[in-house]
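S.K.: The structure that follows is given in the form of structure tokens.
The values are calculated or read from the model by the stated rules, or taken from the named source; none is laboratory data. This one's a predicted model, so the numbers in the text were calculated from it and none came from an experiment. No Cβ is skipped: glycine too gets one built from the backbone with ideal geometry, and neighbour counts run over all protein chains shown. What goes into the accessible areas is simple: the full protein's heavy atoms, side chains included, and nothing from ligands, DNA or RNA. Shrake-Rupley method; radii C 1.70, N 1.55, O 1.52, S 1.80 Å.
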Amino acid sequence: MSRRLLILGLESSCDETAAAVVDAGARVRSNVIASQDDLHAEFGGVVPEIASRAHVERLTPVVRRALVDAGVVLTDLDAIAVGHRPGLIGSLLVGVAAAKALAWSLDIPLLGVDHVHAHLYAGALDRVDPPAFPALGLVVSGGHTAIYRLDSWLVITRLGSTLDDAVGEAYDKAAAILGLPYPGGPRLDTLAQGGDDRAHDFPVSRLGPDSLDFSYSGIKTALLYAVRGTPVRTAGATRFPRDHTHLTDHDKADLAASFQRAAIDAIFLKLRRALERTEDCRSLLVGGGVSANSRLRRELPALAEAYGLDLRLPALRHCMDNAAMIAGLAHHRLDAGAVDDLSLQAMPTTAR
Ligand code: KG4
Ligand code: ZN
């Protein structure tokens, strides 16, 4: 991985417009992210139409900035990579169309990358030593919660995933129940750090004894009832007796801390199960927005040590959606000759 090979990555799967230049699959020369949080905040979630229009407006200036920051011009690039799945279809289409236009006009390879797989690559950025395979992978984000086995950067098998909400989505909904503004995940994490995590006993979803799947709908409902009380049905309508405005700051911090304990414990339960089953794993690759979570980051090193794994936890700037992870993973696709052509499609679902 020492030879210079510059890949421009594009990311537009949800509400971040991002472009990055990565050299040789590891050295991040630039990493530009234009967040749309401000556009979606008043709706309490991402509005797909607004997101795709904002990508159209922002992508060209974001690409320009990524080139300037990297100190390169378009003709220096060796390939163009794009996150082409999964995500909001209208949003993905913007990145895919731009990537095709760039690759075609520069006459360089086009590489489509699975966004969820790319999250697993985030911990390999800005490192000279690649992780050893086989590896166990954990993606915890706003749209995905899944465990993988990786035999290489290109051979990735999903072992389990969420049956309902993703963990980040549960964080955002829990934060809304506690009256925190969108996007609430990081705010709930901060609030939790001042609370008693044993104040409430929220359910940790286990599912079947062998399951590596996740479920976050139960804990969200448990929090809802703890905050608003048991709903009463009067005149055909269901009403809660109270809401978050009745809580003290102290109550909110305890609820947040207890939610965080259950949400993160569920991840560790499944990671341990997976590790008991895949004894040959040598590394643990973690990625996605929730890998910025303070409790997860604090507890992962001990788990990795107990199982003799090389832990690859991304730098905070690489946890959220970004294009450096797309360009980084694309390097290995290019190396393997897994190049796409102009028939590359934007797809709403992830690779299995
Ligand atoms: O990876 P990402 O940027 O987007 C997706 O691919 O989904 O993840 C965003 C998610 C949001 O749900 C956000 O609330 C959550 O990651 N998140 C956190 C934290 N930071 C971001 N959740 C819990 N604790 C955090 N510190
Ligand atoms: Zn993501």
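S.K.: Could you name the lysines in cross-link range of K270, using Cα to Cα under 27 Å and dropping any fewer than eight places away on the same chain?
M.R.: Excluding near neighbours in sequence, the set is K173, K220.
S.K.: Picking from H55, V232, L275, whose Cα lies most toward the positive end of the charge dipole for the chain (charges on Cβ: Lys, Arg +1; Asp, Glu -1)?
M.R.: About the Cα centre, the residue reaching furthest to the positive side is V232.
S.K.: I've got another one for you. Charges on Cβ only, +1 for Lys and Arg, -1 for Asp and Glu, centred on the Cα centroid of the range 135-314; of L136, H200, G160, which one is farthest towards the dipole's positive end?
M.R.: H200
S.K.: When the C-alpha atoms of the chain are aligned to their principal axes, what extent does each axis show, in angstrom, from largest down?
M.R.: 66, 46, 33
S.K.: What FRET efficiency comes out for the pair T221/T190, r = Cβ-Cβ distance, R0 = 25 Å, nearest 0.05?
M.R.: For R0 = 25 Å, the calculated efficiency reads 0.60.
S.K.: Please compute the per residue accessible area over the chain with all protein chains in place, 1.4 Å probe, rounded to a whole number of Å².
M.R.: I get 42 Å² per residue for this part.
S.K.: Next up: Quick one: what do you get for the range 93-216 if you divide its Cα Rg by 2.2 N^0.38 Å?
M.R.: It is 1.36.
S.K.: Could you give the size of the charge dipole of the chain about its Cα centre, using +1 on the Cβ of each K and R and -1 on the Cβ of each D and E, expressed in debye and rounded to the nearest 20?
M.R.: Dipole of the chain, to the nearest 20 debye: 300 debye.
S.K.: Filter the DSSP H helices in the chain by two things, a Kyte-Doolittle mean of at least -1.0 and an axial alpha-carbon span of 24 angstrom or more, and list the hits by number.
M.R.: 48-70, 89-106, 249-277
S.K.: Here's another thing I want to ask about it. Translational diffusion coefficient of the range 28-142 at 25 °C, 0.890 mPa s, Stokes-Einstein with Kirkwood Rh over Cα pairs, in µm²/s as a whole number.
M.R.: The diffusion coefficient I find is 153 µm²/s.
S.K.: Can you compute the charge dipole magnitude of the range 1-131 about its Cα centre, using +1 on each Lys and Arg Cβ and -1 on each Asp and Glu Cβ, nothing else charged? Give it in debye, rounded to the nearest 20.
M.R.: 400
S.K.: Could you look at the range 183-239 and say what percent of its accessible area is carbon and sulfur, using a 1.4 Å probe and all protein chains?
M.R.: Solvent-exposed carbon and sulfur of the range 183-239 make up 51 percent of the total.
S.K.: Nearest 5 is fine: what % of DSSP beta bridges in the chain come out antiparallel, could you say?
M.R.: The antiparallel proportion sits near 60 percent.
S.K.: If you place +1 on the Cβ of every Lys and Arg and -1 on the Cβ of every Asp and Glu, how big does the dipole about the Cα centre of the range 135-314 come out, in debye to the nearest 20?
M.R.: 320
S.K.: Kindly rank 237-248, 258-269, 314-325, 60-71 from highest to lowest mean number of other beta carbons found within 10 Å of each residue.
M.R.: 314-325, 258-269, 60-71, 237-248
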